[in-house]
Amino acid sequence: MVSQFEVIGKRLPRLDGFDKVTGRAVYGPDIKLPRMLIGKILRSPHPHARIANIDVSRAAKLTGVKAVLTSADTPKIKFGFFKHHDPKFGDCEPLKTDKVRCVGDEVAAVAAVDEDIAQEALSLIRMEYELLPAVFDPQQALAPDAPLVHEEKGSNLLDTLSTGGGDVEQGFRKADLVLEGTFTTQATHPCSMEPKQAVASFSSSGALTFYSSTQMPFFMRRDLADVLGIKESQIKVIKTTMGGHFGSRMEMHPLDPICALLAKAADRAVKIVHSRNEEFIASRFRHPVTIQSKMGATKEGKIVAAENQLIMDSGAYCSQSPGVIAVAGTSGMMTYAIPNIHFQGKIVYTNNPYAGSFRGYGNPQGHFATDSMVDRLADELSIDPVELRRINAWTAGDVTPLGRKIVSCGFKECLEVVGRWIGRTESKAPWQGTGIAGLFHAGGGARFHGDNDGCGAFVKIEEDGNALLITGAQEIGQGGITVLAQIVAEELGLPLTAVRVVNDDTDVVPWDLGCHASRTTFVGGNAALAAAREAKKTILNIAAEKLEVSPDDLIIKQGKISVIGSPEKNITVAEAARCNHYRSGGSTVIGAAFYDPPSQVIVEGRGNTSATYAFGFQAAWVKVDPETGEVRLIKLAAAHDLGRVINPMLAEGQLEGALCQGMGFSLGEELIFDNGSIVNASFMDYLIPTACDLPIIEVALIESIDPLGPFGAKGFGESGLVPTAPAIANALTRAIGIRIADLPFTSEKVWRAIKAKDRLQPGA
């Protein structure tokens with residue numbers, strides 16, 4: 001795609017691809033250690049109950065059982081992803097002490113020599129519960145007489161967030177048209193093929209080695225140390241191969257400290273792997289949200305004010321709710337250049353299983369409301385939906401009302417591409433329609449976790465001329481290590497095959513915040529690039545000495561260092577590295593860097609939380625069967641701003657996968673709760689789109705060349721999922737003539753909307 005580069009912009013295969021497709025990759029559930037035990041967790045069948053008594057005596061006597069734990073055997077230290085921001089967000093114990101607050105809560109755990117014995121031991125534990133009234137609806141949970149999920153807090157209102165920019169009241173007074181609407185989104189599950197797991201092993205000195213499919217190894221180490229009551233330096237986290245976890249592995253789950261506690265008690269390595277049912281009920285999923293949205297525009301189409309009020313069902317514990325609701329409430333409104341915005345959100349405890357991070361981190365929910373409202377404005381003002389969005393476009397150099405600084409911006413280019421696609425494919429046939437939606441998302445990390453969003457990297461030149469990148473940046477199935485290796489290879493003038501990446505051991509790799517907020521390419525890439533430049537400087541100095549020229553006169557290409565204008569005068573990178581090793585006072589050729597992006601800590605919702613932002617537009621074409629309500633997605637098109645495209649093949653794959661997830665979010669995926677139990681907790685009952693369900697997909701990669709990004713690149717791993725649901729919603733509205741504001745758009749829901757509309761027609 002980009003001719004001036006040797007590696008950047010090329011359609012190169014993933015470095016980890018061969019091992020994954022041939023079965024060589026070692027995933028967490030594949031880990032086997034000497035004398036390793038199997039751990040199992042006993043979970044509550046009740047959504048709300050006091051623990052009256054636990055009798056583990058029979059389980060402890062079972063032959064082959066090596067450890068049995070209840071809360072009495074733990075330090076009883078509560079944890080939570082945002083606990084280090086505010087202690088009130090630490091509200092979950094590994095094993096519950098006084099009561100259970102949702103179905104699936106962990107109450108006891110065993111470690112045994114095999115899975116069958118561990119399972120039998122669980123059946124021998126006798127639990128006595130005193131059932132308590134439960135609450136499952138967040139609105140009802142806010143009632144004065146509602147059962148309290150956490151009595152010590154005095155309320156089910158976990159937290160309230162509020163922020164804004166400009167003068168929203170004045171903005172609405174300037175509007176010629178003001179619309180209001182209520183939108184609801186459902187709980188959906190990441191459905192990772194690999195279940196959550198943990199392997200823990202203590203050394204004789206008390207040091208813990210912990211194997212985990214985590215996106216944030218250093219946060220896992222920090223939180224394990226906190227809950228176990230030991231020092232971080234006593235814990236080594238080894239991140240196992242991941243196939244794709246879509247945000248759900250950002251935080252520590254209860255099984256992680258439980259596994260470590262069992263290993264400590266048994267004095268042997270222990271492995272716990274979620275069953276598929278446990279994966280549904282005991283790992284994190286997307287928050288259900290109710291959004292009351294208000295938006296005003298002038299008759300010329302300029303949107304002058306927007307306001308969101310959100311109520312989020314957190315479930316029984318906090319998890320990631322404060323971060324998710326902040327993104328859901330604000331980022332959607334910042335998709336367009338609206339000068340006056342305001343957001344208020346309420347996070348509510350219920351006795352449902354608890355939600356957390358899922359790709360997009362609140363943005364899919366918020367954008368569903370925002371772009372639905374924008375389309376409503378277009379219809380009421382009789383302005384073409386594409387044109388209305390063009391009127392409200394961002395450009396590079398703009399600053400949003402909340403202080404987000406737009407450095408590079410492909411907004412208009414993406415809109416133009418998708419607008420042309422709609423013009424080519426829009427159909428006037430009955431029961432068919434097209435829709436469009438946009439996005440605004442972090443493209444360079446997010447400064448949410450203290451005043452740092454950094455990543456460290458080392459680049460070492462080996463004696464054979466190959467390079468080793470040692471980085472804290474994580475591969476979670478998105479192709480991150482391949483992108484980082486391409487950046488290093490380009491800078492060092494090496495082929496991609498000459499670069500290896502090590503990023504899986506907290507004892508070895510430099511610190512990194514973790515994989516979230518679409519930060520790996522931008523933050524990890526800048527760290528890798530800076531380290532590669534340091535190593536390159538050393539290798540060029542060595543070569544310059546041997547060739548008797550200035551380092552400025554040299555160029556590296558395909559592993560050979562040549563004099564510019566005199567290519568016959570050259571030395572290989574391998575020869576230069578050996579020269580540096582085999583001489584008096586020699587040293588390793590290594591470059592070290594730590595990159596912390598120029599972003600800001602958010603104060604009361606305001607500030608430039610990311611160093612750059614991603615933009616994009618998507619369009620959908622749907623066809624509806626009015627007799628059944630079935631919505632058939634004919635086509636999806638996506639044009640996304642990536643800055644510089646490092647690897648077009650990986651980028652296209654990311655977008656296509658995101659579109660598939662967005663299709664599921666829109667048209668059918670939903671966790672169904674019945675008195676706090678998930679009734680469709682299996683792949684037989686929770687249906688996700690397969691390759692057979694996918695429509696025609698068109699993808700356009702727009703290069704805005706970000707001045708702060710590595711070779712101009714920025715992140716977009718989450719962005720592809722964000723606008724899919726509102727694009728489909730807007731297409732569906734045009735197909736059936738009525739807007740459904742409640743996801744997902746199931747056949748029954750669409751059929752009922754069509755029938756209700758028919759009954760309201762004159763003469764019906």
Go through 95, 62 for me and flag whichever is under 20 Å from residue 263 (Cβ atoms), touching a Ser or Thr at 6+ places or on another chain (Cβ under 7 Å) and open to solvent by less than 40 Å² (accessible area, probe 1.4 Å). 95
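Yes/no per residue for (1) open to solvent by less than 20 Å² (accessible area, probe 1.4 Å); (2) small (Gly, Ala, Ser); (3) in contact (Cβ under 8 Å) with a residue 12 or more places away in the chain:
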site: 214; (1), (2), (3): yes, no, yes
site: 228; (1), (2), (3): no, no, yes
site: 233; (1), (2), (3): no, yes, no
site: 253; (1), (2), (3): yes, no, yes
site: 272; (1), (2), (3): yes, no, yes
site: 281; (1), (2), (3): no, no, yes
site: 285; (1), (2), (3): yes, no, yes
site: 294; (1), (2), (3): no, no, yes
Just the residues that are farther than 22 Å from residue 54 by Cα and surrounded by fewer than 18 Cβ atoms within 10 Å (Cβ to Cβ), please, taken from segment 131-146. 137, 139, 140, 142, 143, 144, 145
Would you mind stating whether residue 128 is acidic (Asp, Glu), in a strand (DSSP E or B) and either modelled with pLDDT of 95 or more or exposed (fewer than 14 other Cβ atoms within 10 Å of the Cβ) (or both)? yes
Picking from 423, 444, the residue that is part of a loop (DSSP other than H, G, I, E, B) and either more than 27 Å from residue 520 (Cα to Cα) or in contact with a strand residue (DSSP E or B) (Cβ under 8 Å, 6 or more places away or on another chain) (or both) would be 444
Residue that is assigned to a strand (DSSP E or B) and either surrounded by fewer than 19 Cβ atoms within 10 Å (Cβ to Cβ) or out of contact with any strand residue (DSSP E or B) (no Cβ under 9 Å at 6 or more places or on another chain) (or both), where the choices are 567, 598: 567
Residue list for segment 10-37, filter: crowded, with 21+ Cβ neighbours inside 10 Å, farther than 17 Å from residue 497 by Cβ and either without any contact (Cβ under 8 Å) to a residue 60 or more places away in the chain or touching a helix residue (DSSP H, G or I) at 6+ places or on another chain (Cβ under 8 Å) (or both): 37
Checking residue 511 against (1) open to solvent by 20 Å² or more (accessible area, probe 1.4 Å); (2) modelled with pLDDT of 95 or more; (3) more than 23 Å from residue 581 (Cβ to Cβ), the condition it does not meet: (2)
Taking residue 366 as the residue in question, decide whether it is in contact with a helix residue (DSSP H, G or I) (Cβ under 8 Å, 6 or more places away or on another chain) and open to solvent by less than 20 Å² (accessible area, probe 1.4 Å). yes
Residues of segment 377-420 classified as part of a helix (DSSP H, G or I) and either modelled with pLDDT of 95 or more or touching a helix residue (DSSP H, G or I) at 6+ places or on another chain (Cβ under 6 Å) (or both), total: 21
For segment 686-700, give me the residue count where each residue is open to solvent by 30 Å² or more (accessible area, probe 1.4 Å) and either touching a residue at least 12 places away in the same chain (Cβ under 8 Å) or part of a strand (DSSP E or B) (or both). 8
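The values are calculated or read from the model by the stated rules, or taken from the named source; none is laboratory data. As the structure is a computational prediction, the values presented were derived from the model and not from experiment. So basically every Cβ, Gly included, is an ideal-geometry build from the backbone, and we count neighbours across all protein chains shown. The protein model used for the area step is the full one, side chains on, heavy atoms only, and it has no ligands, DNA or RNA in it. Shrake-Rupley method; radii C 1.70, N 1.55, O 1.52, S 1.80 Å.
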